[in-house]
Amino acid sequence: MYQIIKLLVAFTIILCEQCFAYETKGILAENRSDPHSIALSPDISYIIYYTLNTSHSKSWVQQNDEGVIGVVYFLQSEGELCYRTIQPDGTENTEVVTTGTGLEKSVLLYDSLSQPHIYVAQSVSGDQLIDHYYKDEQGQWQTETIMHFYNEGGLFIYEISAAKGPDHSFHLLVLKTRNDIDSYDYMEAWRNSYLYHLTNKTGVWIRELVDNYNMAYTYDHYIKSSRRQDIKIDSDGFVHVVYAEQLAGSDDPSRLWYASNKNGYWGKEVALSNDFGVCDDAGWFPSLCLDNNDIPYVACMYINRVMTYSAVYCKLYLLKRLSKNNWTKELVEDQDDGYYGSDGHNFTGALNHLIFDTDNTPHLIFSDVASSHWGYQRLCVGNIRYGVYEEGVWNFKTIYHQSSPSAFLNSVEMYDICMVLSKTSDTIRVIGQELTVTGEDQYSTALLDFAWAETTTDIDNDFIDPVPDKFHLSQNFPNPFNSGTMIQFRLPRSSFVSLVVYNLLGQPVKSLINGVLSNGDHTVYWDGTDELGREVSTGMYFYCLKNEEFVENKKLLLLK
C-alpha cells in the first residue's frame, strides 16, 4: 500500500516588482496590480486574473526521460518567459527563454533526446499563432512560428494542451473562441468555438478540426481558474481528447465529450452528461488519462444546480470507457477538507490531474471549492489533495491546506496544480500556482513545489503536513500599504487565537480574529478600518498574535 512518508517543501523564492519577506511555502512569487478589467457597460465590469501560466492545461509541467522536471511560466512584471528545471537530486535552475508580452499561454514537451520544446499561443490583430521555442546545438534558445490561423475558427486562442506520441511526435490541442474574452463579447465568447488538433507526426505541422461547438462558459469572473479540455496519445499513436460543451437553451447545462481519431476520423461520444431536466454542469476540469492498457479514464467535476443556476454541490467523479458509448461513473469524493464557503462542505473536485503508475495504480490530485451566495456569488478553489486507489478504496491526504476565503476579492486560492510521478525514483511531485487576491486591483501569484516518497511499508505516522512545529507570525504584505494588507501566520495545532491591531498608544483598533482555528497556515486581510468600519489615519500600527502559548507583535505602516 502506498503511504506518504515525507513532504519536502521548497522555500526558494524569486520576488518581482516589490520585494518583501514572503515566508510561506513557494519557489516563486510575483506581485501584480494589473488584472484585466472587462467593461461590459457603464455599470458592469469583470476582472480576469492572469497568473504564471494560463494555458488551462496540465502541459506546463513535464518530465523528460532522464527524470528532469520542467516548468514553463511567464513573469508578467519582468516580461520574461521562463523555463525552470528540477533535477532528480533536487537541483534547480531557471532560464529566460525570451521576453515580451502576452506569453503566459504556454506548454512544454520533451523530444527523444530529452530536449525542451515550448509552444506559446498568442492572439494578435488579424492572426492567432503558435510559436515554438527550442534549443540549438549550442544550447541557445531559438524560435519559429509553426502555425498561423489568420482568424480561422475565431479571434482568440483560449486554451492549449500538449502530449507526446510513442514515436516522439508532438500533438497540440488548441481551443479557439469567436472573440477575445477580454472584450465587450466576454459574456458570449463561448459560443461557436473551434477545437483543433495540431501535430508534426508527418514531419511538418498540420492542423485538423476536431469539433465546432459551444464550449463551456468563459465566465472567469465566476471562478478564476478553469479547464475545458485534455489530450493523450495511446501506445499505437492514436489521439484521444475530451472537451466540455455548453448546451445553449433555457437552462444551459453542459456535458463532456470524448473523441478519438482511432478509426481514421474524429469519432465522438458523450462521456458524461447532465441529468435530464436540470441545468447541471457535467465534466468541468477534465483530466484524461490512458492506463497501461490504453483504456481511457477521466477525472472531472459534476456541478448540481437549481434552475436559477446556483450550485448545490460539486462532486469529483472518475469515468472509465468500457466500449463505444459505454462509460462507467464512480464517485471519488463529495466533501471538502476545510476549504469551503457559505454554501457548505459538499463542494470539491476542481483542478483534477489523474496519472497511472507503472503498476497501473491511479493517482489523483484535486482541489476543494468554496461556494458562496451570501455577500458574493462565486466559486473559489483551494487546498491540494492527493489520492491513491488501492484495494478498491481511495485513500486521501491533504498535502496543502489553505484558509477559506472571506470574499471573492479577499482569498488565497489554487489556480492550477500538476502532478509528476518520477521516472527515476519513488518520488511524487506536485507543482502548483497559488493566487492571493487582496483587492479588486491587487493580487499575487506564487509557484509552489511539493515532493514526497512512496513506500510499501506501513508506518503509523506516514504523513507530514506542510505546517511547522512552532507558531510563526509573518510580516504583513504589502507594507507600507494604503488600502489593505494581508497578515499570514502558522499554527502547529488547533487553538484559541486572537489577532488584534493596535495603535501606538497600545489601544485596540480592530480585532481580526478571536476564536478557535485549526493547525496550518492562515491569512487575514485588514482593510485599514476600525471596529466601526471607519478608515483609520495614516501612521504606524502594531498587530499582535496571541494564544495561551505564544505572543508576537509586528509593526505595519499605513500611508494615504
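Can you confirm whether segment 527-537 contains a residue that is of a type outside the set (Ser, Thr, Tyr) and under 33 Å from the mean Cα position of the chain (by Cα)?
Taking segment 527-537 first, the residues of a type outside the set (Ser, Thr, Tyr) are 527-528, 530-536.
So of that shortlist, the ones also under 33 Å from the mean Cα position of the chain (by Cα) come out as 527-528.
Checking segment 527-537: at least one residue is of a type outside the set (Ser, Thr, Tyr) and under 33 Å from the mean Cα position of the chain (by Cα).
Has segment 190-197 got at least one residue that is more than 19 Å from Tyr258 (Cβ to Cβ) and in a strand (DSSP E or B)?
Just the residues of segment 190-197 that are more than 19 Å from Tyr258 (Cβ to Cβ), to begin with: 190-192.
Narrowing further to those that are in a strand (DSSP E or B): none.
No, segment 190-197 contains no residue that is more than 19 Å from Tyr258 (Cβ to Cβ) and in a strand (DSSP E or B).
Mind checking whether some residue in segment 539-548 is loosely packed, with under 13 Cβ neighbours inside 10 Å, assigned to a strand (DSSP E or B) and outside the structural domain of Ala407 (by TED's automatic domain parsing)? Let's see the steps before the verdict.
First, the residues of segment 539-548 that are loosely packed, with under 13 Cβ neighbours inside 10 Å: 539-540, 548.
If we keep only those that are assigned to a strand (DSSP E or B) as well, we get 539-540.
After this cut, where a residue has to be outside the structural domain of Ala407 (by TED's automatic domain parsing) as well, the list is 539-540.
Yes, because at least one residue in segment 539-548 is loosely packed, with under 13 Cβ neighbours inside 10 Å, assigned to a strand (DSSP E or B) and outside the structural domain of Ala407 (by TED's automatic domain parsing).
What do you reckon, is Gly338 of a type in the set (Gly, Ala, Ser) and either under 16 Å from the mean Cα position of the chain (by Cα) or outside any loop (DSSP other than H, G, I, E, B) (or both)?
On the way: of a type in the set (Gly, Ala, Ser): yes; either under 16 Å from the mean Cα position of the chain (by Cα) or outside any loop (DSSP other than H, G, I, E, B) (or both): no.
No, not satisfied.
How many residues, within segment 156-179, are assigned to a loop (DSSP other than H, G, I, E, B) and touching a Gly at 6+ places or on another chain (Cβ under 9 Å)?
Going through segment 156-179, the residues assigned to a loop (DSSP other than H, G, I, E, B) turn out to be 165-169, 178-179.
Subset that is touching a Gly at 6+ places or on another chain (Cβ under 9 Å): 165-167, 169, 178-179.
Number of matching residues: 6.
Under 24 Å from Trp257 (Cβ atoms) and touching an Asp or Glu at 6+ places or on another chain (Cβ under 7 Å): which single residue out of Asp337, Asp294 fits that description? Step through it out loud before you land on a result.
Numbers: Asp337 fails: under 24 Å from Trp257 (Cβ atoms).
When all the criteria are applied, what remains is Asp294.
Taking only pairs six or more apart or across chains, which ones have beta-carbon atoms under 7 Å, a first residue in segment 120-146 that is outside any strand (DSSP E or B), and a second residue that is not acidic (Asp, Glu)?
Gly126/Tyr150; Gly126/Asn151; Asp136/Gln142
Hand me the list of strands (runs of 3 or more DSSP E) wholly inside segment 52-116 holding 3 or more residues that are surrounded by 20 or more Cβ atoms within 10 Å (Cβ to Cβ) and either without any contact (Cβ under 8 Å) to a residue 60 or more places away in the chain or charged (D, E, K, R) (or both).
Details: elements: 61-63, 69-75, 80-86, 92-99, 106-110.
Qualifying strands (runs of 3 or more DSSP E): 69-75, 80-86.
Taking the residues in segment 255-284 that are outside any loop (DSSP other than H, G, I, E, B), modelled with pLDDT of 95 or more and of a type in the set (A, V, I, L, M, F, W, C) as candidates, determine which candidate is surrounded by the fewest Cβ atoms within 10 Å (Cβ to Cβ).
Val270
If I ask for residues that are crowded, with 22+ Cβ neighbours inside 10 Å and either without any contact (Cβ under 8 Å) to a residue 24 or more places away in the chain or more than 26 Å from Arg227 (Cβ to Cβ) (or both), which ones from segment 147-161 would you list?
The answer is none; no residue qualifies.
Any residue that is at pLDDT below 95, over 26 Å from Leu364 (Cα atoms) and assigned to a loop (DSSP other than H, G, I, E, B) - is there at least one of those in segment 225-242?
Within segment 225-242, none of the residues are at pLDDT below 95, over 26 Å from Leu364 (Cα atoms) and assigned to a loop (DSSP other than H, G, I, E, B).
The values are calculated or read from the model by the stated rules, or taken from the named source; none is laboratory data. Keep in mind that what you see is a predicted model, and the values were worked out from it rather than measured. Neighbour counts are summed over all protein chains in view; Cβ atoms, including those assigned to glycine, are modelled from backbone coordinates with ideal geometry.
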